[in-house]
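Here the structure is laid out as structure tokens; the discussion comes afterwards.
Each reported figure results from applying straightforward, stated rules to the coordinates on display, with no laboratory input. Here the structure is a predicted model, which is why all the values come from computation and not from measurement. Neighbour counts are summed over all protein chains in view; Cβ atoms, including those assigned to glycine, are modelled from backbone coordinates with ideal geometry.
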């Protein structure tokens, strides 16, 4: 693996923190230069995007504004953490709820909404994570903030004693808490609700199809197989629009110079005739300037 690195897309197992995953991957790849693009709760499984070596600089620029999940919501019980790991706050019969009633309340939680994040979120309150304050016994109050839930759909319903379990699919903006959707759905139906399972199936353009478990990654390391999910060029091509450039323009970018704009919005990739990503550009006025030089002249 060269100094440019690339992306690791991990299918995280339950019980692991995002930090645990990074630490394990640092050992397997024998480098400290690994970071992650957004956390995933320990109870959750699924897609976690890691940057390796120079690709860590990509993480803040990746368009990872959309996330996709499958989840199970239990109606009839509210908990302190809005998931199965919290203490029970209340229990109420939910079997009487009709599919139409549930669908109506789900519709209210779809689209552009104001959401109060989960108490155990990683949001900082006066410099400290909300979950740390909660675990210390403090009463945590978080302000509602705008999020977008583009899809919130029931795939299956199971009536278990007085509870109703809903298997759902959720597609939403970054910053949306699926456990808060479970909480708010239960509250709107008057029975309480919490999350019992959560699996992230996609982060931006990266899906479970790109992902490997840590066990699979360890086996690849033992076998001497490639460890990166995507090298830096494939990662850039997957995540950004592309602008073909000439070799002379590539040399300009590698040495810190800018190009003429061509009218492309947002951040895009400048790709040389050999298909290599040279820089990520953003246009302003009469310049298309680098926001990251992927291959500077000293590499």
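Quick look at the numbers
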{"item": "Calculated FRET value between residue 242 and residue 3, using beta carbons and R₀ = 25 Å, to 0.05", "result": "0.65"}
{"item": "Residues residue 59 and residue 92, FRET efficiency given R0 of 35 Å [Cβ-Cβ distance, rounded to 0.05]", "result": "0.25"}
{"item": "Convex hull volume per residue in cubic angstrom - Cα atoms of the range 40-101", "result": "129"}
{"item": "Distance between modelled label sites at residue 39 and residue 225, nm, 7 Å Cα→Cβ extension", "result": "3.2"}
{"item": "Efficiency of FRET between residue 209 and residue 174 - r from beta-carbon atoms, R0 30 angstrom, step 0.05", "result": "0.90"}
{"item": "Correct choice for percent of Cα pairs over 30 Å apart that was computed from the model, options [x] 28; [y] 32; [z] 43", "result": "[z]"}
{"item": "Residue-averaged 222 nm ellipticity for the chain, from DSSP H runs of 4+ at -39500 (n - 2.57), nearest 500", "result": "-6000 deg cm²/dmol"}
{"item": "Packing-based order for 287-294, 86-93, 12-19, using average beta carbon neighbours within 10 Å, highest first", "result": "287-294, 12-19, 86-93"}
{"item": "The chain: relative contact order as a whole-number percent, Cα under 8 Å and 6+ apart", "result": "22"}
{"item": "Label-point separation in nm, residue 151 to residue 84, each point 7 Å along Cα→Cβ", "result": "2.4"}
{"item": "Mean separation of Cα contacts under 8 Å (6+ apart) over length of the range 240-293, as relative contact order %", "result": "37"}
